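The values are calculated or read from the model by the stated rules, or taken from the named source; none is laboratory data. The model shown is predicted, which means the values in this text are computed figures rather than measured ones. Glycine also receives a Cβ, built like all others from the backbone with ideal geometry; neighbour counts cover every protein chain displayed.
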Amino acid sequence: MKSMWQSVLAVMLLLSQVGCGMGTSGPPGQTSASQIVKSEKLRVTKPGATANDLARLTSGNSAFAFDLYQELRQKPGNLFYSPHSISLALAMTYAGARSTTATQMANTLHFTLLPDSLHPAFNSLDLELARRGEGAKGKDGKGFRLNIVNAIWGQNGYKFLPAFLDVLAENYGAGLRLLDFVQAPEESRLTINNWVSDQTEGKIKDLIPRGEIDPLTRLVLTNAIYFNAAWRLPFSKDLTADGSFYLLDGSKVTVPMMKQSESLRYAAGQGYQAVELPYDGQQLAMVILLPGAGQLAAFEGSLTAEQVEAIVRGLAPKQVALTMPRFKYESSFKLNETLQAMGMADAFTPGIADFSGMDGRRELFIGAVLHKAFVSVDEAGTEAAAATAVVMQLKMMPAQPVEVTVDRPFVFLIRDLETGTILFVGRVVNPGA
């Protein structure tokens, strides 16, 4: 399904084992991406999720976003990921989880709604985000884009439970696209990677590494998000000039620094400044969280969904003289150990994982969770994309402008203003890297 800014992407690979419902389609070496086995259920366009359901979903997703940040921030360097993409991808997987596996996933992901309410709430949120950006501009001079698209890729001949496919069809708009992982694993991998690249306008390539798709693969769930938006108040390129950005070790690099003095929503607290940069249409915004000099670690350590919500509530219009760097970089992660440490141990354990809601058997487990993300910020606006792959296998200030000079490491978010949905989270420690 297409939304408006284009930013993130999640792909979930569900692998199985030899001898369990293997099937082939067509001559060996050929894939069957053109075949789509649709559930008899159509996507529900009026899910009927209550305002309370959406609030609980968004609150839970935000809690997961910053639980995950606390884990990922341990890795040095720049950081960027899409918690929304990861939550969506894992929500589709959760639809097939049962028993303790489902409980651990729900606790880790902060899914507080029962499944019968959770999946319609994700559907409602997706439909809400699809309405963003009408008539707004993208940073490339084209229209604003936020695309959120789901697809499922399954082994031709393998039997998946109709109820599982119905949940994905009704709430995530995903039909089952048949591939021949058994006879043509590499061609199947390329087919999915090409789909991912197409949905993210070429920003996420080679999401699934060689070898992750093999003859044991049975199912791949994909969620793609791509975001492209112009600032409501673009920076003038004439004001951009080289300036110093101070690194964590006290050294500095010279990078292009953008400047503007505008009325922006601003907040300051103990050890930080925050400023909100709205995108054209004023339905989404970037929030920059700038810790005091030498205080990044302490600020990050205290960063929670509740703290971010409090900072956002405290934002108020202020004349701000803002200086910040242009930046463009990619991040990639393998999230297996991270998610296990956060509480999802059973889902990764052969013989213990219970994904029987997918195929009626307790033979599937998560083999790998992969995530890639891209972000580009310049005078015109922001472009962002991300991808998550979950591989499942069988067992086996005041009157005067407030100065905000972003010349040291900082954290930033891209969020939907109405629902509070956090689509992306990033950290810049070296914009010249």
- Message: Is it the case, given these coordinates, that Val312 is β-branched (Val, Ile, Thr), out of contact with any helix residue (DSSP H, G or I) (no Cβ under 7 Å at 6 or more places or on another chain) and assigned to a helix (DSSP H, G or I)?
- Response: yes
- Query: (1) under 30 Å from Asp214 (Cα atoms); (2) hydrophobic (A, V, I, L, M, F, W, C); (3) more than 19 Å from the chain's Cα centre (by Cα): which one isn't true of Ala321, the others all being true?
  - Reply: (1)
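Of the residues Lys142, Lys159, Lys137, which is under 21 Å from Thr217 (Cα atoms) and charged (D, E, K, R)?
Values: Lys142 fails: under 21 Å from Thr217 (Cα atoms); Lys137 fails: under 21 Å from Thr217 (Cα atoms).
Within the list Lys142, Lys159, Lys137, the selection yields Lys159.
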- Task: With the condition kept exactly as written, say whether any residue in the range 137-151 is among the charged types (D, E, K, R) and in a strand (DSSP E or B).
- Result: yes
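Would you point out which residue out of Gln319, Gln400, Gln307 is modelled with pLDDT under 95 and under 30 Å from Asp280 (Cα atoms)?
Gln400
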- Message: Suppose we filter the range 258-290 for residues that are of a type outside the set (Phe, Trp, Tyr), under 24 Å from the mean Cα position of the chain (by Cα) and surrounded by 15 or more Cβ atoms within 10 Å (Cβ to Cβ); how many remain?
- Response: 15
- Query: at pLDDT 90 or above and surrounded by fewer than 17 Cβ atoms within 10 Å (Cβ to Cβ), is that true of Ala121?
  - Reply: no
- Task: State whether the residues of the range 232-243 include one that is closer than 25 Å to Leu88 by Cβ and among the aromatic types (Phe, Trp, Tyr).
- Result: no
- Query: Can we say Ile225 is modelled with pLDDT under 95, touching a strand residue (DSSP E or B) at 6+ places or on another chain (Cβ under 7 Å) and of a type in the set (Val, Ile, Thr)?
  - Reply: yes
- Task: Considering only the range 327-380, state which residues are among the hydrophobic types (A, V, I, L, M, F, W, C), assigned to a loop (DSSP other than H, G, I, E, B) and surrounded by fewer than 18 Cβ atoms within 10 Å (Cβ to Cβ).
- Result: Ala345, Ile352
